[in-house]
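Peer 1: Quick one: this structure, given as structure tokens, is what I'll be asking you about.
The values are calculated or read from the model by the stated rules, or taken from the named source; none is laboratory data. None of these values were measured; they are calculated from a predicted model. When we count neighbours, we look across all protein chains shown, and the Cβ atoms used for this are built from the backbone with ideal geometry, even at glycine. These area figures cover heavy atoms from the full protein model, side chains too; ligands, DNA and RNA do not enter into them. Shrake-Rupley method; radii C 1.70, N 1.55, O 1.52, S 1.80 Å.
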Amino acid sequence: MTSGRVTVYFAALLARTEDGWQASDTELDDVESLTDLIDLARSASVDDDTVLALIEQEDAWFGVVRLDGEDDPRIYVSDAAAAARSSYGAMLTDELLGQDGNQGDDLDALDLDGTEEGEPDPADDDEEPSGDRRARQGPLGDLALLADLGVDEKELLSLDGDALSAIADTLGCTDVLEAVR
């Protein structure tokens with residue numbers, strides 16, 4: 001049974017070129033795996049320069065996938081617990097947690113808060129969360145993936161609300177990102 005809520009995602013690719021950043025709106029309809037997202041991002045690359053795949057779900061979480069040429073992707077998710085509850089966020093958190101794609105559908109395996117709406121179970125208030133549970137809540141991934149571009153770890157951790165615009169502002173490409181929003 002569904003709650004009738006529509007999940008709203010925004011996704012864009014920012015590709016660095018010698019003339020600055022270029023943005024393109026990204027349709028996630030055909031993206032079924034992290035590999036699909038990486039392939040899409042690599043196709044936006046100019047001369048193997050840096051490409052950032054930016055994804056946000058309303059104000060619940062945002063994620064950044066960074067590709068530099070043929071290097072392995074670097075990933076950051078602002079709130080792993082919230083992201084794991086969505087299909088696109090689960091792609092990112094599964095990769096960061098070393099899980100295969102099939103486990104993304106089993107939220108109980110992630111030992112999140114145990115409720116459908118994301119509200120903590122009052123019966124758990126007296127229990128101390130396990131270390132494994134703490135590791136999966138909050139930010140997850142490479143905190144330094146944007147440091148060389150001007151967004152250090154502390155700033156990345158402080159982002160909320162319209163985080164993608166704040167990142168674009170620091171990169172000097174707010175107008176480029178807003179043009180595809």
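Peer 1: So residue 145 passes all but one of these: (1) loosely packed, with under 15 Cβ neighbours inside 10 Å; (2) part of a loop (DSSP other than H, G, I, E, B); (3) modelled with pLDDT of 80 or more; (4) not basic (Lys, Arg). Which condition number does it fail?
Peer 2: (1)
Peer 1: Looking only at residues that are surrounded by 13 or more Cβ atoms within 10 Å (Cβ to Cβ) and more than 15 Å from the chain's Cα centre (by Cα) in segment 1-25, which one is modelled with the lowest pLDDT?
Peer 2: Among those residues, the one meeting the criterion is 24.
Peer 1: Next up: What pairs can you find where one residue is in segment 167-180 and more than 22 Å from residue 143 (Cβ to Cβ), the other is part of a helix (DSSP H, G or I), and their Cβ atoms are less than 8 Å apart, with a gap of 6+ or different chains?
Peer 2: Between residues of segment 167-180 that are more than 22 Å from residue 143 (Cβ to Cβ) and residues that are part of a helix (DSSP H, G or I), the close pairs are 174/165; 174/168; 176/168; 178/165; 178/168.
Peer 1: Could I ask something else about it? State which residue pairs qualify: first residue on the phi > 0 side of the Ramachandran plot and inside segment 13-26, second residue of a type outside the set (D, E, K, R) and open to solvent by 30 Å² or more (accessible area, probe 1.4 Å) in any location, beta carbons under 9 Å apart, and separation of 6 or more residues or different chains.
Peer 2: 20/172; 20/176
Peer 1: I'd like the residue in segment 38-79 that is in a helix (DSSP H, G or I) and out of contact with any strand residue (DSSP E or B) (no Cβ under 8 Å at 6 or more places or on another chain) and, out of all such residues, is nearest to residue 168 (Cα to Cα).
Peer 2: 43
Peer 1: Which pairs have Cβ atoms under 7 Å, sit 6 or more apart or on different chains, and link a residue in segment 60-71 that is closer than 16 Å to residue 148 by Cα to one that is open to solvent by 10 Å² or more (accessible area, probe 1.4 Å) and of a type in the set (Lys, Arg)?
Peer 2: Close Cβ pairs (under 7 Å, with a partner that is open to solvent by 10 Å² or more (accessible area, probe 1.4 Å) and of a type in the set (Lys, Arg)) amount to 66/74; 67/42.
Peer 1: Anything in segment 26-78 that is of a type in the set (Gly, Ala, Ser), under 23 Å from residue 156 (Cβ atoms) and more than 16 Å from the chain's Cα centre (by Cα)? List them, or say none.
Peer 2: Correct list: 44, 45, 69.
Peer 1: From the set of residues in segment 47-94 that are among the aromatic types (Phe, Trp, Tyr) and under 14 Å from residue 11 (Cα atoms), which is surrounded by the fewest Cβ atoms within 10 Å (Cβ to Cβ)?
Peer 2: Out of the qualifying residues, it is 88.
Peer 1: Scan 93, 35 and give me the residue that is polar (S, T, N, Q), in a helix (DSSP H, G or I) and touching a residue at least 24 places away in the same chain (Cβ under 8 Å).
Peer 2: Matching residue, one of 93, 35: 93.
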